[in-house]
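The values are calculated or read from the model by the stated rules, or taken from the named source; none is laboratory data. As the structure is a prediction and not an experimental result, all values here were calculated from the model. Heads up, the Cβs are rebuilt from the backbone with ideal geometry, glycines too, and the neighbour counts pull from every protein chain shown. Note: areas computed on protein heavy atoms with side chains; ligands, DNA, RNA excluded. Shrake-Rupley method; radii C 1.70, N 1.55, O 1.52, S 1.80 Å.
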Amino acid sequence: MKNYLVILFQLIVWSGYTLVEWLSVNDRFVFKVFMFLVFSYLAIYIGKMILKSNKRTLLVTIISLLCYGVMQILLETLVPIY
């Protein structure tokens, strides 16, 4: 149950990352990478606080990031924004 809760919180973090990335469309690539690292740290920190295990936190974070990536690709395919 804790894994599911962490995935939900991390999906909220990744959604926040997408919003911030959308708002900073004119930023340089280096700043976008730094912003991704900050949001990744936030997601890992949330997972570590709830799960209290480095291995499970890393696994759940990778799974949530993959799920979010798949959802982003599906939404861009089904609802293209021009």
From the list Ile50, Ile81, Ile73, which one is among the aliphatic types (A, V, I, L, M) and modelled with pLDDT of 95 or more?
Ile50
Using beta carbons and a limit of 8 Å, which pairs, at least six apart or on different chains, have the first residue in the stretch 38-59 and without any contact (Cβ under 8 Å) to a residue 60 or more places away in the chain and the second one of a type in the set (D, E, K, R)?
Gly47/Arg56; Ile50/Lys2; Leu51/Lys2; Asn54/Lys48; Thr57/Lys48
Taking the stretch 47-82, which residues are open to solvent by 100 Å² or more (accessible area, probe 1.4 Å), outside any helix (DSSP H, G or I) and not charged (D, E, K, R)?
Ile81, Tyr82
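Would you call Val25 part of a loop (DSSP other than H, G, I, E, B) and either in contact with a Lys or Arg (Cβ under 6 Å, 6 or more places away or on another chain) or of a type in the set (A, V, I, L, M, F, W, C) (or both)?
In short, yes.
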